[in-house]
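A short write-up of the structure that comes next.
The values are calculated or read from the model by the stated rules, or taken from the named source; none is laboratory data. None of the values given here were measured: they were computed from a predicted structure. Heads up, the Cβs are rebuilt from the backbone with ideal geometry, glycines too, and the neighbour counts pull from every protein chain shown. Please note that ligands, DNA and RNA were not included when accessible areas were found on the heavy atoms of the full protein model with its side chains. Shrake-Rupley method; radii C 1.70, N 1.55, O 1.52, S 1.80 Å.
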Amino acid sequence: MTYPNARGPVAPTREALRRERTSGFRRALGLTALGTVLPGAGLTQTRSRIVGWALLGVSLAAIVVGGYYVMRTGLTNTALSVVARPSLLQAIAVVLVVGGILWCGSIILTAVQARPNRLDRARTRVLAAFTTLMVFLVAGSSFKVAEYASITQSTVSKVFGVGPTTGHGGAQVAQGDDPWAEQARVNILLLGSDAGSDRVGMRTDSMILASIDTKSGRTSLFSLPRNLLKAPLAPKSPLRAIYPSGYFGSPDSTCDQGAGQCMLTNLYMDAENYAKAHPGAYPSGDTPGRIELRGAVEQITGLTVDQMVVIDLHGFSRLIDAMGGIDMNVKLSAYGTKLTIGGEHDASGRLFGVKGYFDPGFQHLDGWHALWYARTRAADDDTHRQMRQRCVVQAIVKQVNPAQMVSKYPEIASILKDNIYTDIPVQNLPAFVTLVERVQKSKISSTSLNSAQANYSRPDYDLIRQLIAKAIAPPKTNPTPDSTPTTSPTTSSTKSPTKTSTPKPSPTADPYETC
């Protein structure tokens, strides 16, 4: 017969204490991990359950609302709608920092309150280490996302404008499923500038007008010769005060760049110099060089320039490196010799300053070599350099990998902020991403305005406008399925191959303008 202990209940055995500590330790670890996955979830099982339920409720509400918005609009459009609102990005960065601090605090509080009273020293250290790891994980993720949001806000504010230059309405973006329902074509002027240490001021060495069919994505690229003389000025150009003929360099032929240098590439700096000498000649806040180039290109081509993109050529090199390089069909020069890397001719015609040579054929180019391939002209002339420039632009558009660019986001953002400007309004970013996707799925054609068609010293602008109008005309429908469409002798087209067996163009046998 067993008699009860008169002194009270029997003390728990050592084995019972061990099981209790083990169970409490596992519970503390589990609740801490739960609070890491869902803010406040672990805290709901402690004496601070009211605080835990409040945090959990806010977190779940944010997840539900965010998930619904992403499902309704799509992941890409959601990201772009956020990027297009710099003030929202700034608010998100602040919320992420504050939310990250509260989240980390809830993890620590969960571990403290869930820890058993009689936990041994070894397990206490394990719980503390685990809690520290969870806090670092949450803090690192929250602050990294907040950093990206801050970088994006800074980049977007600096790169993108509020609208195009004064006097231009810009591309018309519509509301609804198709943002381009109200505009048949969008014309974007791409300017590659070089303000190197060996130059006075900035010159636009590369000028390409991209005319895009907004429905099909069919794109025509027109390279404007840098050495084009007597460029027509816009009707209301302030430069007409010194060039009353309406043509750049007439009657004055100095153009602030030295006698006889009134080429299209010098128009940007001439406008900047005129603005410095005549304050108030251009609207405050606008860049005179961009205004004049936009107006001149419109007069030359007969097309309205809807938007502009200006990129420093050294930033262009960095951007290609961030892409991982591009695959190019490197050509020989127009005269069958290897293209030079660098180099120029002296007064006697002797070539000097060559840094190397390009081997012809298909190869992968890094940013430095891609930039030189687009710029070299010592072995032939500006006409063939323009063809190579268009091929490089096509390669970038066709080969850019958004996922890879996102993985190098801080580097990309730094390149964009320091080297690129566009007057595309930031709120129109989603529409232009849609447009780029259509361009990538369609074909890009290049029209060469070479010296035989457009004499650089005596340009026939009527002829130039006719060539451009012909290039952007809708393709003629052919009812015969077996016939092959003809191609303009001055226009080349590239299209993404649909079969792996498609033969690659030769750097020597195919027409030079074929990329």
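Just to verify a result, which residue in segment 342-354, among those that are more than 14 Å from Asp380 (Cβ to Cβ) and in contact with a Phe, Trp or Tyr (Cβ under 8 Å, 6 or more places away or on another chain), is modelled with the highest pLDDT?
Gly342
Consider Val138 carefully, then state whether it is surrounded by 15 or more Cβ atoms within 10 Å (Cβ to Cβ), closer than 30 Å to Ser23 by Cβ and under 36 Å from the mean Cα position of the chain (by Cα). Even if it seems obvious, please write down each step before you answer.
On the way: surrounded by 15 or more Cβ atoms within 10 Å (Cβ to Cβ): yes; closer than 30 Å to Ser23 by Cβ: yes; under 36 Å from the mean Cα position of the chain (by Cα): yes.
Criteria met by Val138.
Just name the residue that is nearest to Ser445 (Cα to Cα) out of those in segment 212-235 that are open to solvent by less than 20 Å² (accessible area, probe 1.4 Å) and outside any strand (DSSP E or B).
Filtering segment 212-235 for residues that are open to solvent by less than 20 Å² (accessible area, probe 1.4 Å) and outside any strand (DSSP E or B), the one nearest to Ser445 (Cα to Cα) comes out as Gly217.
Residues of segment 22-33 being touching a Pro at 6+ places or on another chain (Cβ under 9 Å) and open to solvent by 80 Å² or more (accessible area, probe 1.4 Å), which ones?
Arg27
Among the residues of segment 316-328, is any part of a loop (DSSP other than H, G, I, E, B), touching a helix residue (DSSP H, G or I) at 6+ places or on another chain (Cβ under 9 Å) and surrounded by fewer than 20 Cβ atoms within 10 Å (Cβ to Cβ)? I'd like the intermediate steps shown before the answer.
First pass over segment 316-328, keeping only residues part of a loop (DSSP other than H, G, I, E, B): 324-325.
Among the residues that remain, those that are also touching a helix residue (DSSP H, G or I) at 6+ places or on another chain (Cβ under 9 Å) are: 324-325.
Still in the list and also surrounded by fewer than 20 Cβ atoms within 10 Å (Cβ to Cβ): 324-325.
Looking through segment 316-328, at least one residue is part of a loop (DSSP other than H, G, I, E, B), touching a helix residue (DSSP H, G or I) at 6+ places or on another chain (Cβ under 9 Å) and surrounded by fewer than 20 Cβ atoms within 10 Å (Cβ to Cβ).
Take the residues in segment 339-356 that are buried (at least 16 other Cβ atoms within 10 Å of the Cβ) and either in contact (Cβ under 8 Å) with a residue 60 or more places away in the chain or not polar (S, T, N, Q) (or both), then tell me which one is farthest from Gln404 (Cα to Cα). Break it down stepwise before answering.
Filtering segment 339-356 down to residues buried (at least 16 other Cβ atoms within 10 Å of the Cβ) leaves 339-341, 343.
Remaining after also requiring either in contact (Cβ under 8 Å) with a residue 60 or more places away in the chain or not polar (S, T, N, Q) (or both): 339, 341, 343.
Details: Leu339: 31, Ile341: 28, Gly343: 34 Å.
Across segment 339-356, the extreme among qualifying residues is Gly343.
When the residues of segment 68-86 are narrowed to those that are in contact with a helix residue (DSSP H, G or I) (Cβ under 8 Å, 6 or more places away or on another chain) and not β-branched (Val, Ile, Thr), which ends up surrounded by the most Cβ atoms within 10 Å (Cβ to Cβ)?
If we filter segment 68-86 for residues that are in contact with a helix residue (DSSP H, G or I) (Cβ under 8 Å, 6 or more places away or on another chain), which is where we start, we get 69-70, 73, 76-78, 80-86.
Checking the rest, the ones that are also not β-branched (Val, Ile, Thr) come to 69, 77, 80-81, 84-86.
Working: Tyr69: 13, Asn77: 15, Leu80: 21, Ser81: 16, Ala84: 18, Arg85: 16, Pro86: 18.
For segment 68-86, the residue satisfying everything is Leu80.
In segment 87-127, which residues are surrounded by fewer than 19 Cβ atoms within 10 Å (Cβ to Cβ) and within 16 Å of Gln153 (Cα to Cα)?
Selection gives Ser87, Leu88, Gln90, Ala91, Val94, Val95, Val97.
Report, ordered by the first and then the second residue, all pairs with beta carbons closer than 7 Å, sequence separation of six or more or different chains, a first member in segment 154-167 that is under 17 Å from Ala91 (Cβ atoms) and hydroxyl-bearing (Ser, Thr, Tyr), and a second member that is modelled with pLDDT of 80 or more and open to solvent by less than 80 Å² (accessible area, probe 1.4 Å).
Going by the 7 Å Cβ cut-off, the qualifying pairs are Ser154/Lys417; Thr155/Ala413; Thr155/Leu416; Thr155/Lys417.
Considering only residues that are outside any strand (DSSP E or B), buried (at least 18 other Cβ atoms within 10 Å of the Cβ) and under 27 Å from the mean Cα position of the chain (by Cα), which ones fall in segment 296-312?
Of everything in segment 296-312, those that are outside any strand (DSSP E or B), buried (at least 18 other Cβ atoms within 10 Å of the Cβ) and under 27 Å from the mean Cα position of the chain (by Cα) turn out to be Ala296, Val297, Glu298, Thr301, Leu303, Val305, Asp306.
Could you list all residues from segment 156-193 that are open to solvent by less than 50 Å² (accessible area, probe 1.4 Å), modelled with pLDDT under 80 and on the phi > 0 side of the Ramachandran plot?
Gly163
State which residue pairs qualify: first residue over 19 Å from His345 (Cβ atoms) and basic (Lys, Arg) and inside segment 366-392, second residue in a loop (DSSP other than H, G, I, E, B) and open to solvent by less than 20 Å² (accessible area, probe 1.4 Å) in any location, beta carbons under 8 Å apart, and separation of 6 or more residues or different chains.
Close Cβ pairs satisfying both conditions: none exist.
Regarding segment 34-53, can at least one residue be identified that is at pLDDT below 80, surrounded by 13 or more Cβ atoms within 10 Å (Cβ to Cβ) and not in a helix (DSSP H, G or I)?
No, every residue in segment 34-53 fails to be at pLDDT below 80, surrounded by 13 or more Cβ atoms within 10 Å (Cβ to Cβ) and not in a helix (DSSP H, G or I).
Given the conditions (1) of a type in the set (S, T, N, Q); (2) open to solvent by less than 20 Å² (accessible area, probe 1.4 Å); (3) at pLDDT 85 or above, report the number of the one that Thr383 does not fulfil.
With respect to (1) of a type in the set (S, T, N, Q); (2) open to solvent by less than 20 Å² (accessible area, probe 1.4 Å); (3) at pLDDT 85 or above, Thr383 is out only on (3).
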